[in-house]
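Each remark here refers to the structure printed beneath this line.
The values are calculated or read from the model by the stated rules, or taken from the named source; none is laboratory data. Keep in mind that what you see is a predicted model, and the values were worked out from it rather than measured. Neighbour counts run over all protein chains shown; Cβ positions are idealised from the backbone, glycine included.
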Amino acid sequence: MRFATPWAFLLFAALPVLYLIALKFHRPGSVGFSSVANAKRAGASLRTRLARLPLILRTIVLILLIIALARPQQGREKVKDVTKGIAIEMVLDRSGSMGTEMSYMGRRLNRLQVVKKVFQEFLMGNGKMLKGRPNDLVGMIAFARYADTIAPLTLEHGALLRFMETLHVVKRRSEDGTAIGDAIALAAARLKTAEEELARFNESNRGEGGDTYKIKSKVIILLTDGQNNYGKRTPQEAAKLAAKWGIKIYAIGVGGREGVATVQTLFGTFKVPGGGGVDEATLKNIADITGGMFRMAGNEKALRKIYEEIDKMEKSEVESVRYIDYKERFMDFAVAAMIILLIEVVLSNTLLRRIP
């Protein structure tokens, strides 16, 4: 409980003065007797003992009215955490060239496997420089000749990792290719839709405490080792669309022009040249269009460093909003004072009436 006008308590200092004035000017009447010994032996009646009750009741009334003037308020403090997170779409190339071998902690894996493992460190943390992204909405798009949504934007990152486990390098020639432009356009559309749906949800729940999650910024992290050669949109067209919707692209070129791709056929596993390599000029261009960043990652360590760089630039926030819902309680004290005053008036004019 709190008091809106605590200065009213200064009136308590006037109560002793009022009490003395009441004793001085409201002394009971007296009649002279030669001796009151017999009256003393008779004792005091109940009415005599209660003679000062009206004065006590009036004092209580004044105390309650002073408390009411101080405006007591009762409230409950509430704390609401509002998360301002980053909406991230991971866009992963799974074309045949991503089967090129790459080293990861002393093991030989293909590029897609290395990309997935380092991405998991970025998402969940690795106990070192990467602390994880628990407050970010993260989704995943994969592409080869066609772009597909692997996982929707979600805060349930464990589920996202399970979706990612199903992601492999394409094996059919009819599915192979590199549709970078279509993949970026699909990722941008997913981010824009998620932002609009979240805005509608927050608006519909405005009366229940307001927003609890806000998208601070929208980001596409594109990882590819090739050049755009399929799809309806060029990477530049898709980048302009992303820029229009306020989305930044962090483009990462995986590997380089050297490499060997592992290809599964009916006659066994064969190693073939890994393709034409990363189109660095295009990736740099789409990053510049959106205000993002382009980096090359020739190995696992370089890829991890790039994620550390992104991790520092894109920070999510959690802010606590405190508010108190107060209810005025002065009426309770005022009503109690009126009831006691009514009792005092009734007693003073009936059972405890005095003459004069």
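Residues of the stretch 146-201 being in contact with a strand residue (DSSP E or B) (Cβ under 8 Å, 6 or more places away or on another chain), of a type in the set (S, T, N, Q) and either part of a helix (DSSP H, G or I) or exposed (fewer than 12 other Cβ atoms within 10 Å of the Cβ) (or both), which ones?
If the condition is that a residue be in contact with a strand residue (DSSP E or B) (Cβ under 8 Å, 6 or more places away or on another chain), of a type in the set (S, T, N, Q) and either part of a helix (DSSP H, G or I) or exposed (fewer than 12 other Cβ atoms within 10 Å of the Cβ) (or both), then Thr166 is the only one that fits.
Which condition breaks for Asp136 when tested against (1) under 20 Å from Ile220 (Cα atoms); (2) surrounded by fewer than 16 Cβ atoms within 10 Å (Cβ to Cβ)?
With (1) under 20 Å from Ile220 (Cα atoms); (2) surrounded by fewer than 16 Cβ atoms within 10 Å (Cβ to Cβ) applied to Asp136, the lone miss is (2).
Return yes or no: is Asn205 farther than 24 Å from Gly125 by Cα, touching a residue at least 40 places away in the same chain (Cβ under 8 Å) and among the polar types (S, T, N, Q)?
Taking the combined requirement at face value, the residue does not satisfy it.
Any idea which of Ile150, Ile180 is of a type in the set (Val, Ile, Thr) and touching a Pro at 6+ places or on another chain (Cβ under 6 Å)?
Ile180
Looking at Val321, Val272, which one is modelled with pLDDT under 90, within 26 Å of the chain's Cα centre (by Cα) and not basic (Lys, Arg)?
Exactly one residue qualifies, and that residue is Val321.
Please go through the stretch 326-356 and give me each residue that is farther than 17 Å from Arg52 by Cβ, in a helix (DSSP H, G or I) and of a type in the set (D, E, K, R), ordered by number.
Once the filter is applied, which keeps residues that are farther than 17 Å from Arg52 by Cβ, in a helix (DSSP H, G or I) and of a type in the set (D, E, K, R), the stretch 326-356 yields only Asp332.
Among Arg206, Arg233, which is the only one that is in the same structural domain as Gln120 (by TED's automatic domain parsing) and modelled with pLDDT of 85 or more?
So the residue among Arg206, Arg233 that is in the same structural domain as Gln120 (by TED's automatic domain parsing) and modelled with pLDDT of 85 or more is Arg233.
Considering only the stretch 79-131, state which residues are hydrophobic (A, V, I, L, M, F, W, C), within 33 Å of the chain's Cα centre (by Cα) and not in a helix (DSSP H, G or I).
Listed by number, the residues that qualify are Val79, Val82, Ile86, Ala87, Ile88, Met90, Val91, Leu92, Met129, Leu130.
Mind checking which residues of the stretch 114-140 are touching a Ser or Thr at 6+ places or on another chain (Cβ under 9 Å), over 13 Å from Glu314 (Cβ atoms) and touching a residue at least 60 places away in the same chain (Cβ under 8 Å)?
Val114
Here are Ala68, Ala51, Ala22: which of them is modelled with pLDDT under 75, small (Gly, Ala, Ser) and assigned to a helix (DSSP H, G or I)?
Ala22
Which one of these does Asp81 not meet: (1) on the phi > 0 side of the Ramachandran plot; (2) at pLDDT below 85?
The single condition Asp81 does not satisfy is (1).
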